[in-house]
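One structure is given here, and the rest of the page talks about it.
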Amino acid sequence: MNLSISHPHSPFLLLFFFFFTILAHHSFTVTSATCHVDDETGLLGFKSSITADPSGILSSWKPGSDCCTWSGINCLASSRVTSLSLMGQSNKPNSFLSGPISPSLSKLKFLDGLYLLNLRNISGPFPDFLFGLPKFQYLYIENNKLSGRIPGSIGNLTGLYALSLSGNQFSGPIPSSISQLTGLAQLNLGGNLLTGPIPNGIQKLKNLTLFSLDRNQLSGSIPDFFGSFSELRILRLSHNKFTGKFPASISSLAPKLIYLELAQTGLNGQIPQFLGNFKTLDTLNLSRNNFSGLVPRSFANLTKIFNLDLSRNYLIDPFPNMSVKGIESLDLSYNKFHLGEIPKWATSSPIIYSLKLARCGIKLKLEDWKPSQTYFYDFIDLSENAISGSAIGLLNKTDYLVGFWASRNKLKFNLESLRIVERLKYLDLSRNEVFGKVPNGVSKLEKLDVSYNRLCGKLPVTNFSASAFLGNDCLCGSPLAACKSVA
């Protein structure tokens, strides 16, 4: 699933909403007095352990100046440092820090929050100096390179309200002592190398609003303990090695859950009817599992769903008629559906940006499909259907299109008429009846496949391999055979 942060209901933004809610607990007001000498010493020790700071994230950290004014530092009125918050910018390659987290931060006795986000190269083990900080409550070390095991002593941090170590390289089991952190509202250990089962003791964390263990190597069955989490809003367990069926106790989350992600978790059986009771659900991702049978008719009750991904299962017809007012992203690809047409509730959505219906048994002439808007589409995948006609009318009305996949259909149009917009990166028209010459604009794409069509003429200069152009009998020029000169 590819969900852009630019869209207002993306799961990525939901997680950031939770993070900034936490950050708002801190006062950003500082006094004119210089900070405490222990705080300055501790922070400069942290800076001295950093081996690379190419974008100058710590450039304002200068000895003798007031550390309460340094970038990323928040202080209370007593001029004691209460939080350290440093963020890299993913769109800027030089926005990172390299090096370990210095234990000199143990001098910051009033520290209650440590936020090291997207700095990419912060390394070393779990920072055990945190056990000596009496006021500590918020730990966010995300998208770095911390490694080793999460220590069993983590259960001693009983004052923690939020624990997020996502996007690191922690390995081994989730320590059972994590069940002692009964004040936790947010637990995010996603994107690591964790193994073993989910500890049953996690059911003691009754205040959780966010629970995320996705993108690990966890195994066993998913514990049927979700009746303990009456406040849960976000549940992410995708991309693990679980076995078994859909935990029945998830039904108890219906009143408040807004985001449920169980993609590629090894679950099987039928999708439960009770999911239709989740009337506040914004995002549901059950893709890449072994679910079979019908999609429950109760899905018609999911009127507030914005992102729905049921792709790559074994689901069969009929698909329920949804009553959703505006879907943003929909993926039903690679099941056993025979939809016949693109669902009207998707066609009529004024806010849809991603439509993926590969191998869904769609039979139509593309010109007859009249979506209420095409301007904001990022992704369209109609591969392996029985769609005929021309894609020009559709594609030439999209300004933000990133990817269009329509292989193995019956499309027939002149490729030279295609307007290749600046954002377009992926284009797959293979195994259709597309004709004409390959336009120069394709050289800007990242991936291209126009093989097995009826294209002719000399190829423009590109970096694509021959496989992108095979099966077009009268195409010539690199990377195919040279064009024959006319005598």
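The values are calculated or read from the model by the stated rules, or taken from the named source; none is laboratory data. Here the structure is a predicted model, which is why all the values come from computation and not from measurement. Note that each Cβ is placed from the backbone with ideal geometry, even for glycine, and that neighbours are counted across all protein chains shown. Remember, those area values only see protein heavy atoms, side chains included, never the ligands or the DNA or RNA. Shrake-Rupley method; radii C 1.70, N 1.55, O 1.52, S 1.80 Å.
Between Asn396 and Ser90, what length comes free when the chain is fully extended (0.36 nm per residue of separation minus the Cα-Cα distance, one decimal in nm)?
107.1 nm is the gain from fully extending Asn396 to Ser90.
At a 1.4 Å probe radius, carbon and sulfur cover how many percent of the accessible area of region 389-462?
So the carbon and sulfur contribution to the accessible surface is 45 percent.
For region 405-487, run through the trypsin sites (Lys or Arg not before Pro) and keep only the ones in DSSP coil with at most 14 other Cβ atoms within 10 Å of their Cβ.
In loop regions of region 405-487 (DSSP not H, G, I, E or B), the sparsely surrounded trypsin sites (Lys or Arg not before Pro) are Arg419, Arg423, Lys425, Lys484.
In debye to the nearest 20, how big a dipole does region 434-487 give about its Cα centre with +1 on each Lys and Arg Cβ and -1 on each Asp and Glu Cβ?
140 debye
Can you figure out the FRET efficiency of Lys370 with Asp38, using R₀ = 56 Å and their beta-carbon distance, to the nearest 0.05?
Between Lys370 and Asp38 the formula returns 0.25.
Whole number in Å², please: accessible area per residue of region 351-487, 1.4 Å probe, ligands, DNA and RNA not counted.
That works out to 50 Å² for each residue.
Please state the charge dipole magnitude for the chain, taken about the Cα centre, from unit charges on C-beta atoms (+1 on K and R, -1 on D and E), reported in debye and rounded to the nearest 20.
780 debye
Rounded to the nearest 0.05, what FRET efficiency do Lys412 and Asn290 have when you use their Cβ-Cβ distance and R0 = 41 Å?
0.65
Once the dipole of the chain is set up with Lys and Arg at +1 and Asp and Glu at -1 on Cβ about the Cα centre, which of Tyr314, Phe136, Leu424 lies farthest towards its positive end?
Tyr314
Ignoring ligands, DNA and RNA, what percent of the 1.4 Å accessible area of region 185-283 is carbon and sulfur?
Heavy-atom surface of region 185-283 belonging to carbon and sulfur, 1.4 Å probe: 50 percent.
Please report the orientation-averaged projected area of region 64-220, defined via the convex hull of its C-alpha atoms, in nm².
9.8 nm²
How high is the relative contact order of region 270-348, given as a whole-number percent (alpha carbon pairs under 8 Å, six or more residues apart)?
28 percent
Provide the net charge surrounding Ser230, with neighbours chosen by a C-beta distance below 12 Å and charges set as Lys +1, Arg +1, Asp -1, Glu -1.
With Lys, Arg at +1 and Asp, Glu at -1, the neighbours total +2.
Modelled label-to-label distance, Glu231 and Phe435, 7 Å Cα→beta-carbon offset: nm?
Those two pseudo-labels are separated by 6.6 nm.
Give me the number: length gained by fully extending Ser59 to Arg120, i.e. 0.36 nm times residue separation minus the C-alpha to C-alpha distance, one decimal in nm.
20.1 nm
For Cys456, what is the net charge nearby, where nearby means another residue's Cβ is under 12 Å from its Cβ and Lys, Arg count +1, Asp, Glu -1?
+1
Tell me, what is the FRET efficiency for Gln270 and Lys344 to the nearest 0.05, using R0 = 22 angstrom and their Cβ-Cβ distance as r?
For R0 = 22 Å, the calculated efficiency reads 0.30.
What lysines could a cross-link reach from Lys62, if we take a straight Cα to Cα line under 29 Å and drop same-chain neighbours fewer than 8 places away?
Lys47, Lys92, Lys107, Lys109, Lys135, Lys145
With unit charges on the beta carbon (Lys/Arg positive, Asp/Glu negative), name the residue among Val402, Asn91, Val461 whose Cα is farthest towards the positive pole of the charge dipole of the chain.
After comparing all options, I get Val461.
Stretch Ser219-Ala52 to full length: gain in nm at 0.36 nm per residue minus the Cα-Cα span?
56.4 nm
Defining a contact as two alpha carbons under 8 Å apart and six or more residues distant in sequence, what relative contact order in percent does the chain show?
For the chain, the relative contact order is 5 percent.
How far apart, in nanometres, would the label points at Lys135 and Tyr426 be if each is projected 7 angstrom from Cα along the Cα-to-Cβ direction?
Using points 7 Å along Cα→Cβ, the separation is 4.8 nm.
Which one of Leu302, Cys75, Pro103 is farthest out on the positive end of the charge dipole of the chain, using unit charges on Cβ (Lys, Arg +1; Asp, Glu -1) and the Cα centre as origin?
Leu302
What size of dipole, in debye to the nearest 20, comes out for region 287-328 about its Cα centre when the only charges are +1 on Lys and Arg C-beta atoms and -1 on Asp and Glu C-beta atoms?
Here region 287-328 has a charge dipole of around 80 debye.
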